[in-house]
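Trainee: I'd like to ask some things about the structure below.
The values are calculated or read from the model by the stated rules, or taken from the named source; none is laboratory data. Computed from a prediction, not measured in an experiment: that's the story for all the values here. For neighbour counting, all protein chains shown are included, and Cβ atoms are generated from backbone atoms with ideal geometry for every residue, glycine included. Keep in mind that these areas ignore ligands, DNA and RNA; they rest on the heavy atoms of the full protein, side chains included. Shrake-Rupley method; radii C 1.70, N 1.55, O 1.52, S 1.80 Å.
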Amino acid sequence: MGPLGTEFEVSGVEAQGGEEFEEDPILYVNGRKHFLPKDQAHSTLLEYIRGLGLTGTKLGCGEGGCGACTVMVSHFDSSQQSIVHRAVNACLAPLYSVEGMHVVTVEGIGDRRNGLHPVQEALATCHGSQCGFCTPGFVMSMYALLRSSKGAPSKAEIEEALAGNLCRCTGYRPILDAFRVFAKTDPAPYIDESLVANNGTPSSKGTQTICPSTGKPCDCRSNSLPNSDKENDTSVSESVVHGTHEGSDTQCDSKHELKVTQSPRGEPIFPHELRRRKILPLSLTGHRDLKWFRPTALDDLLELKSRFPHAKLVNGNTEIGIEMRFKSLNYLVLISSTHVSELNTIKETDTGLEIGASVTLTSFMEALRNSLTRRKSHETSVSSAFLEQLKWFAGSQIRNVASIGGNICTASPISDLNPLWIASGATFSILGKGRKCRSVKAEDFFKGYRKTALEAGEILSSVFLPWSKEFEYIKEFKQAHRRDDDIALVNAAMRVSLNPKDEGWEVLEASLVYGGVGPTCIVARKTEEFLKGKRWDSSTLEAAFPLISHDVGLVDNAPGGMVEFRKSLTSSFFFKFYLHVMYTLEQEANYLHNLPESYRSAVAAFHREMPHGVQVYGVPDSDVSSVGQPLMHMAARLQVTGEAEYVDDVPVPGNVLHGYLVLSTRAHARILSVDTREAEAQPGYEGFFSAKDVPGGNDWGAVVPDEEIFASEIVTCVGQIIGIVVADTHLNAKAAALKVVVEYEELPSVLSIEDAIESRSFHESFHGGKGGTKRELEMGDVDECFASGKCDEVIEGVVRMGGQEHFYLEPNSALVWTADGGNEVQMLASTQAPQKHQKVVAHALGLPMNKVVCKTKRIGGGFGGKETRSTAVNAAAAVPAYLLNRPVKLTLDREIDMIVTGQRHAFLGKYKVGFTKEGKVLALDLELFNNGGNTLDLSHSILERSMFHSDNVYVIPNMRVRGKVCKTNLPSNTAFRGFGGPQGMLIAENWMERVARTLGRAPEEIRESNLQGEGYEVHYGQIVENCNVQKVWDELKRSCDFERRKADVRTFNEQHRWKKRGVAMVPTKFGISFTTKMLNQAGALVQVYTDGTVLVTHGGVEMGQGLHTKMAQIAASAFGISFSSVFISDTSTDKVPNASPTAASASSDMYGGAVLDACEQIKARIKPIAEKMPGASFAEVVLAAYLQRIDLSAHGFYITPDIGFEWDVGKGKPFNYYTFGAAFAEAEIDTLSGDSHLRRVDIVMDLGSPINPAIDVGQVEGAFVQGLGWVALEELKWGDAAHPWIRPGHLFTRGPGTYKIPTCNDIPVDFRVTLLKDVPNPKAVHSSKAVGEPPFFLAAAALFAIKDAILAARKENDLNGWFILDTPATPERIRLACADQFTKPHAAHDVRPNLSV
């Protein structure tokens, strides 16, 4: 070891004891010691542990926003003599930040061979894992919570611990149900490491226990030590956890037993070496001369900062990591301050809290909670404000590592905490070299956009937070797109100090600070000055509002947009603060105010119980057959242990190259030149490949070849692939790709549907007909109906709806290699359409399809996004793999995936509807436009399905629907769950609701009066058969007790001015089949082995929807064998050729039919043998058949019968059958902020006789929550006329930081799903029905419940009747639609906020 001063001159080192650098940095992973390399300062913990082969920890986003990378990090706190366990985002944690610590990954707590941990078993048993990509992150978040809890965690703590984890498949309810058992069970059996050390038997000698690390008596677990560590280990060989599981053949709360088989080796225990090990400073290096220092003494830190004044101090890396990864900022020196004790202390004094700058947000929250119990109540107003704000600050993984100082010094204008520091009168202590100290008030610290008062060489050392004084009140405010783990759109902190005077209250001092409305925090100084000396009453309140507007001064077209909304929030927040103070004075000083009782709920803190649900479905009386049983997903145990492999997890050969795409940065331009000279100079560079290098054809397309693998001359969108760089590592490939310089000549661009309509920019038809992509369907005589006077009312309007990002948790990934000397090409692809990949790659390489094989084991979510757009990813990787004859791996970063692969289509619909005064719809004239993007892809078929579904489930005697696909300079939009159907139905529900409001009737009455029935002929000529929509509707009304809940909502709204509730019921009818007839075919290969086991291979892809599980159930049922005797192999083009994409919700029908066909063939062959062997087992019969040379392999085939549609005549039968459903939703909104949540949702589905009801319920819940994102949360923002602050054609929302999908906090509090019983479907295998897409649209019930609540708010201001609410119904749209005195100065009551369409 070398002394600290040998690397650089540092004064005072000897005075600190002459500490030396650590020469052998170490890290324990799952109980195993690893010596860290000394040149990996650029690496993250995730990269390191995945490099060890521990691929259960996933890379989902790279910015700490999805939780897929969650691990538990443990360290020994010598000051407290305890072990601290934390959930951490491994994708952000620098490798050296965990030096000397213990990391536990999902593989470390249990596995399939040796036994699952109770957390893993619970999640698998409760159907909480579908695609499985996010599953290890959820497991580790829950596991870390149990390890860090001193007792059983509360339900609220469980939900809070999971707030930083995203799931796109399940809808969260089964995950929360699975983990709820741990809130009901004492976790001691799972967290006592001494049990593990002694094979499950408590072991002690006197006051000593058996050390979990050495197995010898010790006192390391002495009760005298504060917060003594209790390792969270399952210790008994078989334990039982009891919990409530609602779901069986009847509505029930039946107890279930969760049996846990514990691994004989136990869980990794905190290494004893790390308790004793002395923490030494680190001086290490990284990529491109990066230096990493970890001083352990304050003077050494100050000396380093003096020597490297531009060095960045790092604690959690939650900001610096984002800047380096996504903003390509190159910091040469990083200094970790995590081990400097002076910066990690919290001192409580009589005047306030002194918090070290390196204290984590989690530790700060603990100190604040402690203050609530130790200090006088009036002193802790500031504590409560900070705690409430921190509750919604990121996820627990971020709070566990992010520091107070880091958050402050980032100087973000949308920081949730900086307004509170300023308003509370906090003081910042700043240190320079030699411990030269100065103090700065928080309000003087922030000098501009991300600029502070820190001078070169200085650091923020601590923050002093004063206690509140008597009659001093401080309150926090924040509004974001999403409640959990989201950055603020606008936030604020307000403080007022009052003095009783003349039976009222005089303002002594006031502080109003806003964030999100300027380049730095805005202090409303004129308002503050005005308030001083004023009486705290309504007249002062009213006089303050215009001053606030003047102080904030948000300009039009300000970055971030939403100007009207943000302005209105500044007033709404102050009004809330006024009410908060008044009601607090009422409680604390018995002050009699004159506020209406209906105002009280405006200031109530948001609180809701942990979401729960009821699932009602039928189960066959006999358990002889696997079909109909609610069996666990067959890969669930692999997924909860992290053993399930995805493309990025597959071990690669040593000569593998990594690819990184070079993308267009212009919406429409001519490529003038591509300069790779700088890229070629980068380390590890192996080549750049573009259009000129493609050995075969560079053209491709989903239906017509209107795309290029690599753009050759013209780019038609931002994100179009120009080329691919390959290098020895992903990091080097990315660095080189960013050095490729492309020069352009700009061309005019079309960036929206409106632009396309104006410029007549439409895609050409792939049907070869005239008129481009224009389509028309007509029934009856629309024009005659409107002209005849039969219609008592006629309405016209325009519906706009934005797109939606798929946000599958697994980014697109490909691994391509050559075989047999380059004569063959094989690839692993994250795709829903292996055959499409095979075809396009073969074409690109100039090879016949029989020499190209594409395999897919499973994918981490698809939802249509990996049906066609993933093809370009594989083709791009295949070119260098083939030419260099080396394997190439290409895994897209999340932001690249979102930029490149397209989204759900935005739609614009123009309608004209005629109806009677009784509410009967007589005529509809509808014109549809979808935003296809720069290429056709599947946009034409999506338009067609939207036209098919534009009646939803209503009788419309006279109907005309026309549609066109708009050609724009945005990335090609593509398939997404519902495939255009939801857009068509949502337009229908918009005008249907308007019909009801026009007539002054309840929308549910009008919907029900227009429902289709058995034998109805729809506008495209198909007859509705087996129509159960009325039965579904009636069951829903009964189960949700609609009339009572509607009356309760009415009562609530009468009693609450600023909170409103609404209800809605919405039906759906979804056609099942590919609308392109040739795709309705499927093949399967079934092979029976002599031990009686069965291997099934089919053309469908498992992406979380349980397809493999259902196919195994069908095979097991056909042969009369156990489910466990059937195995599903990967999907491969060399096993089942020419497979259609796994899409259109038809895969279970088609592949189920093919599997059953193959099984029946084999059964017919062995039947003579079986008849001669009564009582023999299947294995015995099979062996006998083999001995008689009977073929035990069969290829099954299925085609969907009796379907077809002719667009030339506009009539036919495009669908095999319909899936029906209906949903009820009750929503509550905060009219002052636009916040909303669902109190209850009931769904009733007609799914025939389900093959697996548990999987189907999971699909229903997951589809609904994904649909909820579409209608209420997820907004794509493009650089277009609506968003001039974004570069033209660029996507602003390209990661979890800016694009918000639902979290577990967004799902309905009470979530109920019923599968209609006794409704067998004669059109599909085992009388089942398709389920993947049909429930998605039912989230529209949430939209119209929100709209019903807004209507109640508008009535308070005499705004009655119908109004426009575009989707998604974000807080901005909700708030402005409420149209009250706070929005009136900034926006009209009928304003339509900007939307990218």
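Trainee: Among V523, A544, N499, which residue has its Cα positioned farthest towards the positive end of the charge dipole of the stretch 439-564, with +1 placed on the Cβ of Lys and Arg, -1 on the Cβ of Asp and Glu, and the dipole taken about the Cα centre?
Mentor: Going by the charge dipole, the pick is V523.
Trainee: Work out the FRET efficiency for K347 and T285 from their Cβ-Cβ distance, taking R0 = 41 Å, and round it to the nearest 0.05.
Mentor: 0.70
Trainee: Per the Kirkwood formula on distinct C-alpha pairs, the Rh of the stretch 1246-1397 is how many angstrom?
Mentor: In the stretch 1246-1397 this quantity evaluates to 18.0 Å.
Trainee: Okay, moving on. Apply 1/(1 + (r/R0)^6) to the Cβ-Cβ distance of K917 and S598, taking R0 = 51 Å, and write down the FRET efficiency to the nearest 0.05.
Mentor: E(calc), rounded to 0.05, equals 0.90.
Trainee: Right, next: Please report how far the C-alpha centroid of the stretch 1046-1103 lies from that of the stretch 383-413, rounded to the nearest whole angstrom.
Mentor: 38 Å
Trainee: With a point put 7 Å past each Cα toward its Cβ, work out how far N823 is from E273 in nm, to one decimal.
Mentor: Taking the simple label geometry, N823 and E273 are separated by 5.1 nm.
Trainee: Still on this model: In whole Å, largest first, what are the principal axis extents of the Cα atoms in the stretch 889-963?
Mentor: Answer, in whole Å and largest first: 62, 20, 17 Å.
Trainee: Tell me the carbon and sulfur percent of the accessible area for the stretch 1284-1397, rounded to whole percent, probe radius 1.4 Å.
Mentor: Solvent-exposed carbon and sulfur of the stretch 1284-1397 make up 49 percent of the total.
Trainee: Probe of 1.4 angstrom, ligands and nucleic acids ignored: what's the accessible area per residue over the stretch 1161-1320, in square angstrom?
Mentor: 33 Å²
Trainee: Please check which bits of the stretch 910-930 a label hung off I714 would reach, taking the label as a point 7 Å along Cα-to-C-beta and the cut-off as backbone N under 18 Å.
Mentor: none
Trainee: Which of the lysines could be linked to K1329 by a straight reach, that is with a Cα gap under 23 Å, when you skip same-chain ones fewer than 8 residues away?
Mentor: Correct list for K1329: K1031, K1037, K1069, K1077, K1110, K1213, K1317.
Trainee: Suppose the chain between S759 and N655 were pulled fully straight at 0.36 nm per residue; how much longer would it get relative to their current alpha carbon spacing?
Mentor: Taking 0.36 nm per residue and subtracting the Cα distance, the gain is 32.4 nm.
Trainee: About the Cα centre, and with charges only on the beta carbon of Lys, Arg (+1) and Asp, Glu (-1), how big is the dipole of the stretch 103-174? Nearest 20 debye, please.
Mentor: About 80 debye.
Trainee: Which length gain, in nm to one decimal place, applies between E588 and V794 when the Cα-Cα distance is subtracted from 0.36 nm times their residue separation?
Mentor: 68.4 nm
Trainee: Please state the charge dipole magnitude for the stretch 1257-1397, taken about the Cα centre, from unit charges on C-beta atoms (+1 on K and R, -1 on D and E), reported in debye and rounded to the nearest 20.
Mentor: 220 debye
Trainee: Which of the lysines could a cross-linker span from K917 if the Cα-Cα distance has to be under 22 Å and same-chain partners fewer than 8 positions apart are dropped?
Mentor: Partners found: K790.
Trainee: Okay, next question. For Y449, put the label point 7 Å out on the Cα→Cβ axis and report which residues of the stretch 1283-1315 keep their amide N under 14 Å from it.
Mentor: 1285-1287
Trainee: What number comes out for the charge environment of R1392, summing +1 per Lys or Arg and -1 per Asp or Glu over other residues with Cβ under 12 Å away?
Mentor: The answer is -2.
Trainee: When averaged across all projection directions, what area in nm² does the alpha-carbon convex hull of the stretch 766-845 cover?
Mentor: 10.9 nm²
Trainee: Let me ask another. Take the eigenvalues of the Cα gyration tensor for the stretch 1061-1193, scale each by 5, and report the square roots as semi-axes in whole Å, largest first.
Mentor: Rounded to whole Å, the semi-axes are 34, 17, 13.
Trainee: At a Cα cut-off below 13 Å, give the aspartates and glutamates reachable from K692, other chains included and same-chain residues fewer than 8 away excluded.
Mentor: E708, E713
Trainee: So for the stretch 387-526, considering every pair of alpha-carbon atoms, how many percent are separated by more than 20 Å?
Mentor: 50 percent
Trainee: Ratio of the stretch 343-399's C-alpha Rg to 2.2 N^0.38 Å, to two decimals?
Mentor: The stretch 343-399 yields a ratio of 1.10.
Trainee: Still on this model: Out of the stretch 320-392, which trypsin sites (Lys or Arg not before Pro) are coil in DSSP terms and have no more than 13 other C-beta atoms within 10 Å?
Mentor: K327, K376
Trainee: Label points 7 Å out from Cα along the Cβ direction at M1173 and K150: separation in nm?
Mentor: 6.5 nm
Trainee: Give the Rg/Rh ratio for the chain, taking Rg as the radius of gyration of the Cα atoms and Rh as the Kirkwood radius, to two decimals.
Mentor: My calculation puts Rg/Rh at 0.96.
Trainee: If R0 is 30 Å, what FRET efficiency do you get for K376 and E609 from their C-beta distance, rounded to 0.05?
Mentor: 0.45
Trainee: How far apart, in nm, are two points set 7 Å out from the Cα along the Cα-to-Cβ line at R1001 and at K1163?
Mentor: Result for the modelled spin labels: 5.0 nm.
Trainee: Distance check, please: which entries in K774/K1211; K58/K836; K964/K1211 exceed 22 angstrom between their Cα atoms?
Mentor: Table pairs above 22 Å Cα-Cα are K58/K836.
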